[in-house]
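Data block below; observations after.
The values are calculated or read from the model by the stated rules, or taken from the named source; none is laboratory data. Just so it is clear, the model here is predicted, and its values are computed rather than measured. Cβ: placed from backbone, ideal geometry, glycine included. Neighbour counts: every protein chain shown. In case anyone asks, the SASA skips ligands and DNA or RNA and just uses the protein heavy atoms, side chains included. Shrake-Rupley method; radii C 1.70, N 1.55, O 1.52, S 1.80 Å.
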Amino acid sequence: MGNPSRWRDGTGRLSLPHDPAAVPATAPVPAPVPVEIAASYGTRRRGLLGRDGIAGAMLLSPCNSVHTFRMRFAIDVAYLDRELRVVDVVTMAPGRLGLPRPRARHVLEAEAGAMERWGVRPGTRLTITADPPPAG
(Lines give C-alpha, C1' and ligand atoms only; values in the text may rest on other atoms or scores of the structure.)
Protein backbone atom coordinates (compact mmCIF):
# COMPACT_ATOMS: atom_id res chain seq x y z
CA MET A 1 0.00 0.00 0.00
CA GLY A 2 2.85 2.38 0.64
CA ASN A 3 3.02 4.37 3.84
CA PRO A 4 0.41 7.15 3.48
CA SER A 5 2.40 9.43 5.77
CA ARG A 6 5.34 9.17 3.35
CA TRP A 7 3.57 9.70 0.05
CA ARG A 8 5.10 12.16 -2.35
CA ASP A 9 3.75 13.84 -5.46
CA GLY A 10 3.73 11.33 -8.28
CA THR A 11 1.71 8.47 -9.67
CA GLY A 12 0.46 5.14 -8.45
CA ARG A 13 -2.19 2.47 -8.82
CA LEU A 14 -5.50 1.93 -7.07
CA SER A 15 -6.35 -1.77 -6.73
CA LEU A 16 -10.12 -2.01 -6.93
CA PRO A 17 -12.14 -4.00 -4.44
CA HIS A 18 -13.11 -7.45 -5.64
CA ASP A 19 -15.98 -8.99 -3.72
CA PRO A 20 -16.32 -12.64 -4.77
CA ALA A 21 -19.74 -12.80 -3.05
CA ALA A 22 -21.07 -9.99 -5.26
CA VAL A 23 -19.73 -11.17 -8.62
CA PRO A 24 -19.49 -14.58 -10.30
CA ALA A 25 -16.37 -16.55 -9.47
CA THR A 26 -15.46 -16.49 -13.16
CA ALA A 27 -15.45 -12.66 -13.29
CA PRO A 28 -12.00 -11.18 -13.83
CA VAL A 29 -10.33 -9.21 -11.05
CA PRO A 30 -10.69 -5.51 -11.94
CA ALA A 31 -7.59 -3.89 -13.43
CA PRO A 32 -5.81 -1.30 -11.26
CA VAL A 33 -6.74 2.33 -11.85
CA PRO A 34 -4.00 4.93 -12.46
CA VAL A 35 -3.76 7.46 -9.61
CA GLU A 36 -2.09 10.85 -9.46
CA ILE A 37 -0.81 11.48 -5.93
CA ALA A 38 -0.99 15.08 -4.72
CA ALA A 39 0.92 15.18 -1.44
CA SER A 40 2.49 18.65 -1.44
CA TYR A 41 0.59 21.83 -0.64
CA GLY A 42 0.87 23.13 -4.21
CA THR A 43 -0.35 19.98 -5.94
CA ARG A 44 -3.21 19.51 -3.47
CA ARG A 45 -4.25 23.14 -3.94
CA ARG A 46 -4.19 22.83 -7.73
CA GLY A 47 -5.93 19.43 -7.73
CA LEU A 48 -8.12 18.99 -10.80
CA LEU A 49 -8.56 22.72 -11.49
CA GLY A 50 -8.24 23.69 -15.13
CA ARG A 51 -8.80 20.17 -16.44
CA ASP A 52 -11.59 18.83 -18.60
CA GLY A 53 -11.45 15.36 -17.03
CA ILE A 54 -9.16 12.76 -15.51
CA ALA A 55 -8.15 9.30 -16.64
CA GLY A 56 -8.24 7.40 -13.36
CA ALA A 57 -8.21 9.20 -10.02
CA MET A 58 -6.37 11.75 -7.91
CA LEU A 59 -5.41 11.15 -4.28
CA LEU A 60 -5.08 14.24 -2.08
CA SER A 61 -3.10 13.56 1.08
CA PRO A 62 -3.45 14.78 3.73
CA CYS A 63 -6.95 16.11 3.12
CA ASN A 64 -10.44 15.90 4.68
CA SER A 65 -12.41 18.45 2.63
CA VAL A 66 -12.57 19.62 -0.99
CA HIS A 67 -14.36 22.16 -3.16
CA THR A 68 -15.24 22.24 -6.84
CA PHE A 69 -15.06 25.99 -7.46
CA ARG A 70 -13.71 26.75 -10.97
CA MET A 71 -13.96 23.07 -11.92
CA ARG A 72 -15.24 22.09 -15.35
CA PHE A 73 -16.82 18.73 -14.52
CA ALA A 74 -18.62 16.88 -11.72
CA ILE A 75 -16.53 14.57 -9.55
CA ASP A 76 -16.95 11.67 -7.16
CA VAL A 77 -15.19 12.19 -3.86
CA ALA A 78 -14.26 9.31 -1.55
CA TYR A 79 -13.13 10.37 1.92
CA LEU A 80 -10.61 7.88 3.35
CA ASP A 81 -9.42 7.31 6.92
CA ARG A 82 -5.83 6.55 8.01
CA GLU A 83 -6.12 2.91 6.87
CA LEU A 84 -7.59 3.93 3.47
CA ARG A 85 -11.05 2.72 4.49
CA VAL A 86 -13.82 4.71 2.78
CA VAL A 87 -15.64 6.94 5.27
CA ASP A 88 -18.04 8.52 2.77
CA VAL A 89 -18.59 8.91 -0.99
CA VAL A 90 -20.31 11.92 -2.56
CA THR A 91 -20.77 13.32 -6.05
CA MET A 92 -20.08 17.04 -6.34
CA ALA A 93 -21.14 19.33 -9.17
CA PRO A 94 -18.87 22.26 -10.11
CA GLY A 95 -19.11 25.27 -7.79
CA ARG A 96 -19.72 23.38 -4.53
CA LEU A 97 -18.04 23.35 -1.13
CA GLY A 98 -17.76 19.95 0.52
CA LEU A 99 -18.17 19.54 4.25
CA PRO A 100 -15.09 18.33 6.14
CA ARG A 101 -15.18 14.72 7.31
CA PRO A 102 -13.44 14.66 10.72
CA ARG A 103 -12.27 11.02 10.40
CA ALA A 104 -10.96 11.50 6.85
CA ARG A 105 -7.21 11.81 6.28
CA HIS A 106 -7.14 11.43 2.49
CA VAL A 107 -9.48 12.19 -0.42
CA LEU A 108 -9.76 10.23 -3.66
CA GLU A 109 -11.31 12.16 -6.58
CA ALA A 110 -12.51 10.80 -9.93
CA GLU A 111 -15.02 11.72 -12.63
CA ALA A 112 -18.64 11.45 -11.50
CA GLY A 113 -19.89 7.86 -11.67
CA ALA A 114 -16.45 6.25 -11.34
CA MET A 115 -16.73 5.26 -7.66
CA GLU A 116 -19.96 3.36 -8.28
CA ARG A 117 -18.46 1.59 -11.33
CA TRP A 118 -15.41 0.67 -9.28
CA GLY A 119 -17.40 -0.62 -6.28
CA VAL A 120 -16.01 2.04 -3.93
CA ARG A 121 -18.47 2.65 -1.08
CA PRO A 122 -18.38 3.37 2.66
CA GLY A 123 -16.56 0.61 4.51
CA THR A 124 -14.46 -0.46 1.51
CA ARG A 125 -10.73 -0.63 2.21
CA LEU A 126 -8.62 0.53 -0.71
CA THR A 127 -5.08 -0.32 -1.68
CA ILE A 128 -3.01 2.40 -3.31
CA THR A 129 0.54 1.66 -4.38
CA ALA A 130 2.86 4.54 -5.27
CA ASP A 131 5.05 4.10 -8.33
CA PRO A 132 8.78 4.35 -7.68
CA PRO A 133 10.23 7.81 -8.38
CA PRO A 134 11.90 8.19 -11.77
CA ALA A 135 15.60 7.40 -11.81
CA GLY A 136 17.74 10.39 -12.33
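Summary of values
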read-out: Signed unit charges on C-beta, dipole axis of the chain, positive-most listed residue 133, 32, 16; value: 133
read-out: Simple Cβ-charge dipole of the chain, Lys/Arg +1 and Asp/Glu -1, about Cα centre, in debye nearest 20; value: 440
read-out: Full-extension gain in nm, residue 131 to residue 99, via 0.36 nm per residue minus C-alpha separation; value: 8.5 nm
read-out: Gyration tensor verdict on segment 78-136 (Cα atoms; rounded if a/c is under 1.5, prolate if a/b is larger than b/c, oblate otherwise); value: prolate
read-out: Net charge dipole size for segment 69-136 [Lys, Arg +1 and Asp, Glu -1 on Cβ; Debye, nearest 20]; value: 220
read-out: Per residue accessible area in Å² of the chain, where ligands, DNA and RNA are left out and the probe is 1.4 Å; value: 58
read-out: Gain upon complete extension [residue 41, residue 83; 0.36 nm per residue less C-alpha separation]; value: 13.0 nm
read-out: Percent accessible area from carbon and sulfur atoms, the chain, protein chains only, probe 1.4 Å; value: 54
read-out: Amide H contacts of residue 96 (H built 1.01 Å from N, under 5 Å, at least 5 apart or other chain); value: 68, 69
